[in-house]
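Asker: This structure is in structure tokens; I'll ask about it shortly.
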């Protein structure tokens, strides 16, 4: 199973790192978007990996708040990481809040649909720039090159599709938000509220 423990081991495969460095690498590095993990669980995961002997931890720069814990993968940790990758790979699960919202684009105000599309385009363009920066940062292996290339191709294809077809989904959206239903207080007479005052008076016993 690929979880946050595996992500931590992956971040340590090439070099030692602090917990903060691991967190930043997972947020911006090549593993971003590949698996689902809570970054708030990184430090508990590192503690468990150390207890299991899969990584080592040492303090540099003093103790307590002034010190920094540096983690390194052990031979056992490397073997565990590769063995897990050699096992069955779970079925991919694609999650997209944007596409979920687009399922109901016909029921949403057109301006809201435009805003969501603009935001999605900006996010994908930002991710493409991050991939390009990662590829230019230094030479990687064939696997890393494949993953970066696949990710960039997927993002560019989605971006092109969205720009080409956005007008169709925008035109299918509502012109404006539906009016809120009128709220009446207890004892109000809706018919009297919409009639001229004279007519209402004639109806009064």
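Asker: Between residue 119 and residue 43, take the C-beta separation as r, use R0 = 30 Å, and let me know the FRET efficiency to the nearest 0.05.
Answerer: 0.45
Asker: Fewest Cβ neighbours within 10 Å first, please rank 58, 95 accordingly. Write down the numbers at each step before the final one.
Answerer: Numbers: 58 11, 95 7.
Placing the least packed residue first, the sequence is 95, 58.
Asker: What is the spin-label model distance, in nm, from residue 112 to residue 20 if the labels are put 7 Å beyond Cα along the C-beta direction?
Answerer: 4.1
Asker: Same structure, new question: Determine, from the Cβ-Cβ distance of residue 101 and residue 142 and an R0 of 30 Å, the FRET efficiency 1/(1 + (r/R0)^6), rounded to the nearest 0.05. Let's see the in-between values first.
Answerer: Values: r = 37 Å, r/R0 = 1.24.
Approximately 0.20, to the nearest 0.05.
Asker: Below 8 Å, C-alpha to C-alpha, sequence gap of six or more: please give me the relative contact order for the stretch 45-148 in percent. Don't skip to the answer; put the middle values down first.
Answerer: Numbers: 48 pairs, mean separation 14.4, N = 104.
After rounding, I find 14 percent.
Asker: Can you compute the modelled spin-label distance between residue 175 and residue 94, with each label point 7 Å from Cα toward Cβ, in nm?
Answerer: Roughly 3.5 nm, to one decimal.
Asker: Could you line up 103, 7 from fewest to most neighbouring Cβ atoms inside 10 Å?
Answerer: Arranged by neighbour count, lowest to highest, 103, 7 become 103, 7.
Asker: With 10 angstrom as the radius, rank 110, 164, 156 by how many other C-beta atoms surround their C-beta, starting from the fewest.
Answerer: 164, 156, 110
A short reminder: the numbers here are calculations on the coordinates, not readings from a lab. From a predicted model like this one, the values you see are computed outputs, not experimental measurements. With ideal geometry, Cβ positions are generated from the backbone for all residues, glycine too; neighbour counts draw on all protein chains shown.
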